Amino acid sequence: MILDLMMQNQLKRKEFLKLALLANLGLIAKPLEGFSGHFSTYSPAPSNDNVTFFKKGDAEYELLRKGFNKRIEKFPQIIALCKNTAGVAEAVKYAAQNNLPVAVKSGGHCMEGFSCNDGGMVINLSLLNKIGWIDSNNIKAGPGCTLSNIYDEVLPKKKILPGGSCAGVGIGGLTLGGGYGLLGRKFGLTCDSLYEVTMVDGQGNIQNSVNDKDLLWACKGGGNGNFGVITEMKFRLSKAPASLTSYRFKSYKVDTKKVKAVLQKWFEVTPGLPTGCFSAFVLNRSTIYILLTNADKHNAEVQKVIDALSAVSEKTTKTKPQPITTALKVFYGRREPLYFKNASAGLYKQFADIETCIDKVIDTVIATPGMIYQVNTLGGNIQNAAFEKESCFPHRAYTYFSELQTYWEQPKQEVRSLEKFQEVQMMFINNGIKTQYRNYPDIKFTNWQEMYYGANYTRLQQLKNKYDPANLIRHDQSIKA
Ligand SMILES: Cc1cc2nc3c(=O)[nH]c(=O)nc-3n(C[C@H](O)[C@H](O)[C@H](O)COP(=O)(O)OP(=O)(O)OC[C@H]3O[C@@H](n4cnc5c(N)ncnc54)[C@H](O)[C@@H]3O)c2cc1C
């Protein structure tokens, strides 16, 4: 979703309005597994200085319940707005006593709504949004900080935490699932900068990763709503690049043959990019956009890629090197909720991984209003051996991450949009794509355990057994004890 601002501006309103038909819908979410759903058993918990409880009908309930994706509507029985770690512990104990499944919400940007539930408790961490300096290279941050909170704090001090692009994403969910972005090839994933976590486990006990290295390992790619509620994260910062230069390569009214040729060229040349560079290939109906950013000095290797991409594109534009503080803002994206589905569409090593299905994928994207297919570069320091050893993010050998997106304006357009979306996902899966990024989940993935976590799933289950044996903290794709 790194280019969603760019895309939202390009996806003309008219195009949405032209969207065809379809059946009336409304997402009827089923209660979580194991939840009895007897609302009458609920007796309001006393609020105090650490936590305030809200229920349906309270003025704040609606605001605290909603996430970034307007497609997903869930109604918890109780929302615990926590002010500190002690408040989270009280909320978890209350949920355990009352047999309420717990969903954890930091920034509310989960693409499948795993940070909310029906009939359970949502622990809302939006007030845990403070940032403190440990020393000039390290910070501690509450999971409720948004990416823009972090950038606003550290960039003026010429430091950076390599995060994603969109301003409103919570540092909690982003880091616990991995976290890739424009500077990932230079500094690693967001989780690679994490060195300590405080967590309230599924029994309401406060844990710290200094006492359990496995817990830190699990929180680097496998910690989203699985074993406990992370209430504080410590990060090592990197020296911020002074500036960022970006290039855009566009082609209009393309057909499948042209898209395939440009995509193939993009795969051919991007391995030559230095680690300071990031690139994304984006197909939005019949328009191709390629973004290339460089956080380091221009050199011959970068120029070679620019020349190759210019040669296959209709239009090339370059922005002057912008100070990093303003350059990142260009990719901040929209803050207000949208109707959309966005999910991982596979991690790849090369064009050959998708060669046999890509014609059909491109045909469908070109023919489907609101649909976007995007491939992003990984690689560089994401493949650093030390980072790999210390984290459970299992996909470092893959140098590309692709995502499928579809946007619509009216709820009635949802059914058709989701059908087409699923059609494309099945093209990839039937073509043998088996690896997916946990931070872009798809509720339709059947073998998600292996897709998200690979061989690390069993080790993650051991952590689940240790910290949340009763499976209090859960969502539709959480680690099973
Ligand atoms: C507009 C947009 C742009 C995005 N851009 C990028 C990008 O550039 N790079 C990238 O890597 N990803 C990106 N993502 C994906 C993003 O990383 C995930 O959606 C992430 O999980 C969101 O975190 P959150 O805290 O905002 O979400 P939430 O919905 O609050 O949480 C997401 C998941 O993490 C769990 N969780 C959250 N906080 C905690 C906690 N404190 N303790 C335990 N579990 C917790 C939740 O239970 C849920 O499963 C983007 C998503 C959107 C919607």
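Only the coordinates and a few stated rules stand behind these numbers; no lab work does. Only a predicted model underlies this, so the values are computations on that prediction, with no experimental measurement involved. Positions of Cβ are generated from backbone atoms using ideal geometry, with glycine treated the same way; all protein chains shown enter the neighbour counts.
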Charge dipole of the chain built from unit charges on the beta carbon (Lys, Arg +1; Asp, Glu -1), centred at mean Cα; most positive-end Cα among L328, V302, I123 is V302
May I ask you to list the aspartates and glutamates whose Cα is less than 12 Å away from that of K250, ignoring any residue fewer than eight positions away on the same chain?
-> E314
Segment 117-150 to segment 302-337: how many Å between their Cα centroids?
-> 30
Taking neighbour counts of Cβ atoms within 10 Å as a proxy for exposure, in what order, fewest first, do I354, I443 appear?
-> I443, I354
Calculated FRET value between L338 and K250, using beta carbons and R₀ = 30 Å, to 0.05 = 0.80
Cα gyration tensor, segment 339-481 - rounded (a/c under 1.5), prolate or oblate = oblate
Pairing the Cα long axis of helix 256-269 with the longest principal axis of the chain, what angle in degrees results, from 0 to 90 and rounded to the nearest 10?
-> 80
Where a ≥ b ≥ c are root eigenvalues of the Cα gyration tensor, a/c under 1.5 meaning rounded, otherwise prolate if a/b exceeds b/c and oblate otherwise, segment 164-323 counts as prolate
Return the Cα extents of the chain along principal axes one, two and three, sorted largest first, each rounded to a whole Å.
-> 66, 56, 39
Given pairs K253/K329; K186/K213; K70/K341; K265/K360; K329/K349 and cut-off 21 Å on Cα-Cα distance, the over-length ones are K253/K329; K186/K213; K329/K349
Here the tail fraction of P(r) beyond 12 Å, over all Cα-Cα pairs of segment 220-259, rounds in percent to 81
Near K480, which lysines are there with a Cα under 19 Å away, not counting those fewer than 8 places off in the same chain?
-> K30, K220, K444, K464, K466
Acute angle (nearest 10 degrees) that the helix 300-311 long axis makes with the longest principal axis of the chain, alpha-carbon atoms | 70
Calculate how many DSSP beta bridges within the chain are antiparallel, expressed in % of all such bridges and rounded to the nearest 5.
-> 85
Expressed as an acute angle from 0 to 90° and rounded to the nearest 10, what is the orientation of the C-alpha long axis of helix 457-467 relative to the principal long axis of the chain?
-> 30
Theoretical ellipticity at 222 nm over the chain - DSSP helices of four or more residues, -39500 (n - 2.57) apiece, nearest 500 | -8000 deg cm²/dmol
Cross-link partners among aspartates and glutamates for K55, C-alpha distance below 16 Å, same-chain residues fewer than 8 apart left out?
-> E73, D118
For segment 150-252, taking Cα atoms only, what is the radius of gyration to one decimal and the Dmax to the nearest whole Å?
-> 15.6, 57
Treat every Asp and Glu Cβ in the chain as -1 and every Lys and Arg Cβ as +1, leave all other atoms uncharged, and give the resulting dipole magnitude about the Cα centre to the nearest 20 debye.
-> 1100
All alpha-carbon distances of segment 437-481, grouped into 10 Å bins from 0, give the whole-percent distribution 28, 53, 19
Once Rh for segment 52-118 is found with the Kirkwood sum over Cα pairs, what is the Stokes-Einstein diffusion coefficient at 37 °C and 0.692 mPa s, in µm²/s?
-> 266
Cα-centred dipole magnitude for segment 208-334, charges only on beta-carbon of K, R (+1) and D, E (-1), debye, nearest 20 | 520
